[in-house]
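The values are calculated or read from the model by the stated rules, or taken from the named source; none is laboratory data. None of the values given here were measured: they were computed from a predicted structure. Cβ: placed from backbone, ideal geometry, glycine included. Neighbour counts: every protein chain shown. Accessible surface is based on the protein model in full, side chains and every heavy atom, while ligands, DNA and RNA are left aside. Shrake-Rupley method; radii C 1.70, N 1.55, O 1.52, S 1.80 Å.
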Amino acid sequence: MNNLLNRRDLLKLAGMGVAVFVSGTTVRAGGSSQKENESFYFVQLSDTHWGFSGPNINPDSQGTLKKAVAAVNALDERPDFVVFTGDLTQTSDDSRIRRDRMAEFRDIVSQLNVKTVRFMPGEHDASLDRGEAYQEFFGDLHYTFDHRGVHFISLDNVSDPSGSVGDKQLLWLQSDLKQMKKDARIVVLTHRPLFDLYPEWDWATRDGSAVIDVLLQHPNVTVLYGHIHQEHHHMTGHISHHAAKSVMWALPQPGSLPRKAPISWDPAEPYRDLGFRNVEAKVAEAQYEIEEFPIVRGQ
Amino acid sequence: MNMKRLITYTMMVGALTGISMVGRSTAREMRTDEQVVRITASTFQFQPSTITVKKGVPVTLELVSEDRHHGFKLADFHLRAEVKPGVVERIRFVPDKAGKFTFICDVFCGDGHEDMTGTLLVLEDSIRP
């Protein structure tokens, strides 16, 4: 394993308790033991935008999600579960089209060779009808689950079209965390960044600071999110926040251009900057290793 | 018209037009050179999409929606407002820096929401817009 790691382009993120591997090598540390407090890993996919059409942005919009599913299925070790962090579908004003896209998305990802797939909404899925269609297909807008010593909290900051969590959900979060031990291993899954990443591009959650204040009371919290269609890492106090790439199209770095717009498809490097990630949870150490994977090998 | 009748009349007009104000401006505080700009929001654009004002001169933005619920966010000046049909939302501020600033719709409004942006151009007071 060490030799394999040495071949990787390894980026250590000082103080984050996270190592990020930028590669596609699939041999991983950790066994397959089901004991609590031992390492396990899961896959995060984000911003699949099923239903999107834009030949200059992604001429393979009908095939990229299917390729991503195949890439996950081809991993050498099966993840414990897969989570989609929002914008499963491209939005539509037409509620029938919205539901058709959700049904098609669900059919495609049903081909994932894993026991458990978790979903959460993005604004494209839930903002126009406050999550009505989403709940018909994928269940609750926010929820928790526990897996091998880690408490996962899926937060909804999109079904309110203003991009807020809201007082009711905030109280729910406080109540949930009160039941947790102080040093509980907590992973928050959400769509939009909880901190003000770049409000000029609406890369924020309107009441995100209130959420972070609640989370700061626990020492072992990591946030995984999507929305910004690129890898990004940030600290708020001791909480680390990690944005995932999109499966469908990439966006520029925050503030790097006068206007936020999808990055054009490069025929010389198809699927560039698209991908998914493995997250290895080292439960005893309360640390996470993120390994980025391309949609197509060799990218 | 006595004073009581005048107040009643003013309240009725306010209720009928649905006018609301963000900030503390009143007619008495308005300067003669105050810049008043009406911005109409609709899917998926602001009209006008570029507004030009002078630094140091108060600006009142009158925001209205032609169709659905939108938002207006001008992050560089820490300004935002809900923009809903049937309501004129007013934001009054004094631009204290010159430059080019982007405003956006920050209430997700559909497929095209991401394109719903505009530009505030603030010129030095000595330059005529």
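Would you check if there is a residue in the stretch A:194-205 being more than 21 Å from A:VAL43 (Cα to Cα), over 21 Å from the mean Cα position of the chain (by Cα) and in a loop (DSSP other than H, G, I, E, B)?
The answer is no, given that none of the residues of the stretch A:194-205 is more than 21 Å from A:VAL43 (Cα to Cα), over 21 Å from the mean Cα position of the chain (by Cα) and in a loop (DSSP other than H, G, I, E, B).
If only one of A:TYR225, A:TYR198 is aromatic (Phe, Trp, Tyr) and open to solvent by 50 Å² or more (accessible area, probe 1.4 Å), which one is it?
From the options A:TYR225, A:TYR198, the qualifying one is A:TYR198.
Tally the residues that are open to solvent by 80 Å² or more (accessible area, probe 1.4 Å) and modelled with pLDDT under 50, restricting the search to the stretch B:16-54.
Number of matching residues: 5.
For the stretch A:139-180, name all the residues that are within 20 Å of the chain's Cα centre (by Cα), within 14 Å of another protein chain (Cβ to nearest Cβ) and either polar (S, T, N, Q) or part of a strand (DSSP E or B) (or both).
Across the stretch A:139-180, the qualifying residues are A:ASN157, A:SER159, A:SER164.
Since A:GLN174 meets every condition but one in (1) open to solvent by 20 Å² or more (accessible area, probe 1.4 Å); (2) polar (S, T, N, Q); (3) within 16 Å of A:GLN44 (Cβ to Cβ), which condition does it not meet?
Among (1) open to solvent by 20 Å² or more (accessible area, probe 1.4 Å); (2) polar (S, T, N, Q); (3) within 16 Å of A:GLN44 (Cβ to Cβ), the lone unmet condition for A:GLN174 is (3).
In the set B:GLU82, B:GLU114, which member is within 11 Å of chain A (Cβ to nearest Cβ), touching an Asp or Glu at 6+ places or on another chain (Cβ under 9 Å) and assigned to a helix (DSSP H, G or I)?
So the residue among B:GLU82, B:GLU114 that is within 11 Å of chain A (Cβ to nearest Cβ), touching an Asp or Glu at 6+ places or on another chain (Cβ under 9 Å) and assigned to a helix (DSSP H, G or I) is B:GLU114.
Taking the stretch A:249-291, which residues are among the acidic types (Asp, Glu), more than 18 Å from the chain's Cα centre (by Cα) and under 21 Å from A:ILE186 (Cβ atoms)?
Within the stretch A:249-291, just A:GLU285 meets the criteria.
Quick one: how many residues across the stretch A:229-250 are assigned to a loop (DSSP other than H, G, I, E, B), open to solvent by 20 Å² or more (accessible area, probe 1.4 Å) and either over 30 Å from A:GLN217 (Cα atoms) or touching a residue at least 60 places away in the same chain (Cβ under 8 Å) (or both)?
Here the count works out to 3.
Where residues in the stretch A:84-99 are farther than 24 Å from A:LEU189 by Cα and in contact (Cβ under 8 Å) with a residue 24 or more places away in the chain, which of them is farthest from the other protein chains (Cβ to nearest Cβ)?
A:SER95
Conditions: (1) under 30 Å from B:PHE103 (Cβ atoms); (2) in contact with a helix residue (DSSP H, G or I) (Cβ under 8 Å, 6 or more places away or on another chain). A:PRO258 meets all but one. Number of the miss?
In the conditions (1) under 30 Å from B:PHE103 (Cβ atoms); (2) in contact with a helix residue (DSSP H, G or I) (Cβ under 8 Å, 6 or more places away or on another chain), A:PRO258 misses (2) alone.
Starting from the stretch A:251-280, take each residue that is more than 20 Å from A:ALA71 (Cα to Cα) and list its partners that are charged (D, E, K, R), counting only C-beta distances under 6 angstrom and pairs at least six apart or across chains.
A:ASP266/A:ARG272
Residue by residue, here is whether (1) free of Cβ contacts under 8 Å to residues at least 40 places away in the same chain; (2) within 12 Å of chain B (Cβ to nearest Cβ); (3) over 20 Å from the mean Cα position of the chain (by Cα) holds:
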residue: A:LEU65; (1), (2), (3): no, no, no
residue: A:VAL72; (1), (2), (3): no, no, no
residue: A:ASP76; (1), (2), (3): no, no, yes
residue: A:VAL82; (1), (2), (3): no, no, no
residue: A:ARG106; (1), (2), (3): yes, no, no
residue: A:VAL109; (1), (2), (3): no, no, no
residue: A:LYS115; (1), (2), (3): yes, no, no
residue: A:SER127; (1), (2), (3): yes, yes, no
residue: A:PHE137; (1), (2), (3): yes, no, no
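Out of the residues in the stretch A:183-240 meeting the condition of being closer than 23 Å to A:ARG148 by Cβ and small (Gly, Ala, Ser), tell me which one is farthest from the other protein chains (Cβ to nearest Cβ).
Going through the qualifying residues, I end up with A:ALA184.
Here is a yes/no grid of residues against (1) among the small types (Gly, Ala, Ser); (2) under 27 Å from B:GLY110 (Cβ atoms); (3) in a helix (DSSP H, G or I); (4) touching an Asp or Glu at 6+ places or on another chain (Cβ under 6 Å):
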| position | (1), (2), (3), (4) |
| --- | --- |
| A:ASN56 | no, yes, no, no |
| A:ASP60 | no, yes, no, no |
| A:LYS66 | no, yes, yes, no |
| A:GLU104 | no, yes, yes, no |
| A:PHE119 | no, yes, no, no |
| A:HIS124 | no, yes, yes, yes |
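Restricting attention to the stretch B:116-125, does a residue exist that is within 14 Å of the chain's Cα centre (by Cα) and farther than 15 Å from B:THR40 by Cα?
Within the stretch B:116-125, none of the residues are within 14 Å of the chain's Cα centre (by Cα) and farther than 15 Å from B:THR40 by Cα.
Tell me the residue from A:ASP93, A:ASP125 that is of a type outside the set (S, T, N, Q), out of contact with any helix residue (DSSP H, G or I) (no Cβ under 9 Å at 6 or more places or on another chain) and farther than 19 Å from A:VAL43 by Cβ, please.
A:ASP93 is the lone residue from the list that is of a type outside the set (S, T, N, Q), out of contact with any helix residue (DSSP H, G or I) (no Cβ under 9 Å at 6 or more places or on another chain) and farther than 19 Å from A:VAL43 by Cβ.
So, in the stretch A:260-299, of the ones that are under 23 Å from A:ASN58 (Cβ atoms) and of a type in the set (A, V, I, L, M), which residue ends up most open to solvent (accessible area, probe 1.4 Å)?
A:ALA268
Kindly list the number of the only condition in (1) within 11 Å of chain A (Cβ to nearest Cβ); (2) open to solvent by less than 50 Å² (accessible area, probe 1.4 Å) that fails for B:PHE93.
(1)
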